[in-house]
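Q: Have a look at this one before I ask anything.
The values are calculated or read from the model by the stated rules, or taken from the named source; none is laboratory data. Keep in mind it's a predicted model, so treat the numbers as computed, not measured. No Cβ is skipped: glycine too gets one built from the backbone with ideal geometry, and neighbour counts run over all protein chains shown. To get the accessible areas, we keep the full protein, side chains included, count just its heavy atoms, and leave off ligands, DNA and RNA. Shrake-Rupley method; radii C 1.70, N 1.55, O 1.52, S 1.80 Å.
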Amino acid sequence: MQNLRKKFPVLNQCIYANTASAGLLSEDLMEWRQGHDLDYLIGGSDMKNKGFAHMPEIKKTVGRFFGCQPEHVALVPNFSLGLNLLLEGLAKDKTVLLLENDYPSLNWPFETRNFKREYVTIDRNMEEQIHEKVKSGNIDVLALSLVQWVNGVRIDLDFLKQLKMDFPNLIIIADGTQFLGMEPFHFEDSGIDILGASAYKWLLAGYGNGFYLVKEGVMDQFELKGIGNGSVNNDASQRNNISFCKYLEPGHLDSFNFGSLEFALNFLDEIGLEHIQAHLNKLSKKAMETFNGMGLLESFVPERKQHSTIFNIKGDKALFQKLAAEEVVASPRGGGIRLSFHFYNTEEEIDAIAKLLKR
């Protein structure tokens with residue numbers, strides 16, 4: 001992983017502990033983007049038409065990377081737009097289970113549409129709470145982030161798989177934005193029915209691209225309304241023959257943004273998600289021991305079975321500004337300071353942050 005740091009020049013200037021806010025741009029992706037726009041400069045519409053024709057290949061790349069059939073992949077500019085399109089097609093008599101203080105782009109679309117809702121708190125017994133709520137028989141949809149944006153708490157994926165087996169009629173919708181890119185993941189083998197993500201964080205694909213993965217068994221629960229020329233790939237004769245995922249693609253798909261997604265996934269594939277996972281497990285363990293030992297974490301966080309590499313430490317605006325003055329890039333979140341580490345971070349950087357905090 002040490003050699004990969006050279007591909008991210010910003011790491012020479014700071015300790016970048018802010019991937020949960022924005023993943024870094026690699027030199028390799030920057031060079032690909034420059035080549036793309038040069039081709040556009042001299043190729044015009046011919047180049048763009050080739051880009052449109054390449055979208056099915058990008059879906060194959062996404063599907064292969066995440067264990068999903070390409071025809072069940074929808075390319076979207078970001079998670080939020082995709083979810084809003086989905087919910088316009090979901091019957092309003094559904095009762096939805098959400099997590100308190102989950103990411104606004106996940107909770108708000110349900111809340112503003114006045115779905116009947118219940119909530120559970122994000123704590124040590126989060127999974128048990130969810131199970132009890134679903135067991136009550138009143139819940140039709142569970143919607144949650146796989147990793148929480150404020151404090152890095154992650155849901156037990158084995159729990160979600162068992163929950164779906166126990167309650168097969170439950171629709172499970174998940175936001176993978178703060179999770180995908182951290183470890184291998186196979187959508188078809190998971191308990192999740194619909195998984196959406198923006199790809200500018202841990203997938204390092206830049207802004208303006210994301211995707212949804214949808215299992216066929218849940219499609220009949222939606223009557224999607226989003227539609228446009230992109231839904232038929234400019235072929236009006238297909239107006240009455242639109243597949244589920246194409247309703248999530250009403251407009252053109254940009255070759256710059258989704259080409260960046262394809263490039264980023266191939267880049268991560270070359271590194272190997274299993275290697276990324278092993279390194280992140282080390283960083284998570286190191287950060288957990290360090291920050292918990294300093295009394296900086298919520299008390300329940302170390303008690304959970306698994307955790308991500310996102311940590312919210314106790315600290316006010318003054319401490320945040322002091323860290324920033326020492327070239328530590330982080331984010332103020334949830335009344336504390338959020339630190340997040342990717343494969344380009346090191347254990348030595350965690351030690352350096354701890355030293356600053358002690359000082």
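Q: With the requirement that a residue be aliphatic (A, V, I, L, M) and out of contact with any Lys or Arg (no Cβ under 8 Å at 6 or more places or on another chain), what does the stretch 314-336 give you?
A: ALA318, LEU319, LEU323, ALA324, ALA325, VAL328, VAL329
Q: Moving to a separate point now. Give me the pairs: first residue in the stretch 284-295 and under 13 Å from GLY152 (Cβ atoms) and modelled with pLDDT of 95 or more, second residue open to solvent by 70 Å² or more (accessible area, probe 1.4 Å) and small (Gly, Ala, Ser), beta-carbon distance under 7 Å, and six or more apart or on different chains, which are they?
A: none
Q: Here's another thing I want to ask about it. Being touching a Gly at 6+ places or on another chain (Cβ under 6 Å) and closer than 30 Å to ARG124 by Cα is the filter here, so list the residues in the stretch 84-109 that pass it. Talk me through it step by step, then tell me what you get.
A: Looking only at the stretch 84-109, we keep the residues that are touching a Gly at 6+ places or on another chain (Cβ under 6 Å), and these are 85.
Within the stretch 84-109, no residue meets the criteria.
Q: If you go through the stretch 158-189 one residue at a time, how many are assigned to a loop (DSSP other than H, G, I, E, B) and without any contact (Cβ under 8 Å) to a residue 60 or more places away in the chain?
A: Initial filter on the stretch 158-189 (assigned to a loop (DSSP other than H, G, I, E, B)): 167-170, 176-186.
Filter again for without any contact (Cβ under 8 Å) to a residue 60 or more places away in the chain, leaving 167-170, 176.
Selection size over the stretch 158-189: 5.
Q: Quick one: how many residues across the stretch 209-226 are closer than 18 Å to PHE179 by Cα and in a loop (DSSP other than H, G, I, E, B)?
A: Summing the residues that are closer than 18 Å to PHE179 by Cα and in a loop (DSSP other than H, G, I, E, B) in the stretch 209-226 gives 1.
Q: A further question on this structure: Checking the condition outside any loop (DSSP other than H, G, I, E, B) and open to solvent by less than 40 Å² (accessible area, probe 1.4 Å), which residue from ASN257, ASN292, ASN281, ASN266 passes?
A: On the way: ASN292 fails: open to solvent by less than 40 Å² (accessible area, probe 1.4 Å); ASN281 fails: open to solvent by less than 40 Å² (accessible area, probe 1.4 Å); ASN266 fails: open to solvent by less than 40 Å² (accessible area, probe 1.4 Å).
Exactly one residue qualifies, and that residue is ASN257.
Q: Please state which of the following conditions LYS225 fails to meet, knowing it meets all the rest: (1) over 22 Å from the mean Cα position of the chain (by Cα); (2) open to solvent by less than 30 Å² (accessible area, probe 1.4 Å).
A: (2)
Q: Inside the stretch 71-94, can you point out the residues that are closer than 8 Å to PHE211 by Cα and polar (S, T, N, Q)?
A: Residue satisfying the conditions is ASN78 alone.
Q: Among the residues of the stretch 65-86, how many are under 14 Å from ALA174 (Cβ atoms) and either among the hydrophobic types (A, V, I, L, M, F, W, C) or modelled with pLDDT under 95 (or both)?
A: Summing the residues that are under 14 Å from ALA174 (Cβ atoms) and either among the hydrophobic types (A, V, I, L, M, F, W, C) or modelled with pLDDT under 95 (or both) in the stretch 65-86 gives 5.
To keep it simple, each residue is scored yes or no on (1) more than 21 Å from MET1 (Cα to Cα); (2) open to solvent by 20 Å² or more (accessible area, probe 1.4 Å); (3) modelled with pLDDT of 95 or more; (4) over 23 Å from the mean Cα position of the chain (by Cα).
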position	(1), (2), (3), (4)
ARG304	yes, yes, yes, no
ALA318	yes, yes, yes, yes
ALA324	yes, yes, yes, yes
GLY334	yes, yes, no, no
LEU339	no, no, yes, no
GLU347	no, yes, yes, yes
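Q: Identify all residues within the stretch 306-316 that are polar (S, T, N, Q) and either surrounded by fewer than 19 Cβ atoms within 10 Å (Cβ to Cβ) or within 19 Å of LEU356 (Cβ to Cβ) (or both); write none if there are none.
A: Once the filter is applied, which keeps residues that are polar (S, T, N, Q) and either surrounded by fewer than 19 Cβ atoms within 10 Å (Cβ to Cβ) or within 19 Å of LEU356 (Cβ to Cβ) (or both), the stretch 306-316 yields GLN306, THR309, ASN312.
Q: Does the stretch 230-254 hold any residues that are out of contact with any helix residue (DSSP H, G or I) (no Cβ under 7 Å at 6 or more places or on another chain), in a helix (DSSP H, G or I) and open to solvent by 20 Å² or more (accessible area, probe 1.4 Å), and which are they?
A: Going through the stretch 230-254, the residues out of contact with any helix residue (DSSP H, G or I) (no Cβ under 7 Å at 6 or more places or on another chain) turn out to be 230, 233-237, 240-241, 254.
Checking which are in a helix (DSSP H, G or I) leaves us with 230, 236-237.
The answer is ALA236, SER237.
Q: Can you tell me which of (1) among the acidic types (Asp, Glu); (2) farther than 22 Å from ILE276 by Cα; (3) in contact with a strand residue (DSSP E or B) (Cβ under 7 Å, 6 or more places away or on another chain) is the one GLU349 doesn't meet?
A: (2)
Q: Could you list, in sequence order, all residues of the stretch 133-176 that are open to solvent by 10 Å² or more (accessible area, probe 1.4 Å), modelled with pLDDT of 95 or more and among the polar types (S, T, N, Q)?
A: Those that are open to solvent by 10 Å² or more (accessible area, probe 1.4 Å), modelled with pLDDT of 95 or more and among the polar types (S, T, N, Q): ASN151, GLN162, ASN169.
Q: Consider only pairs whose beta carbons are under 7 Å apart and that are at least six residues apart or on different chains; among these, list those whose first residue lies in the stretch 8-25 and is in contact (Cβ under 8 Å) with a residue 40 or more places away in the chain and whose second residue is surrounded by 22 or more Cβ atoms within 10 Å (Cβ to Cβ) and among the small types (Gly, Ala, Ser).
A: Between residues of the stretch 8-25 that are in contact (Cβ under 8 Å) with a residue 40 or more places away in the chain and residues that are surrounded by 22 or more Cβ atoms within 10 Å (Cβ to Cβ) and among the small types (Gly, Ala, Ser), the close pairs are ALA17/ALA330; ALA17/SER340; ASN18/ALA330; ASN18/SER340; THR19/SER340; ALA20/SER340; LEU25/GLY206.
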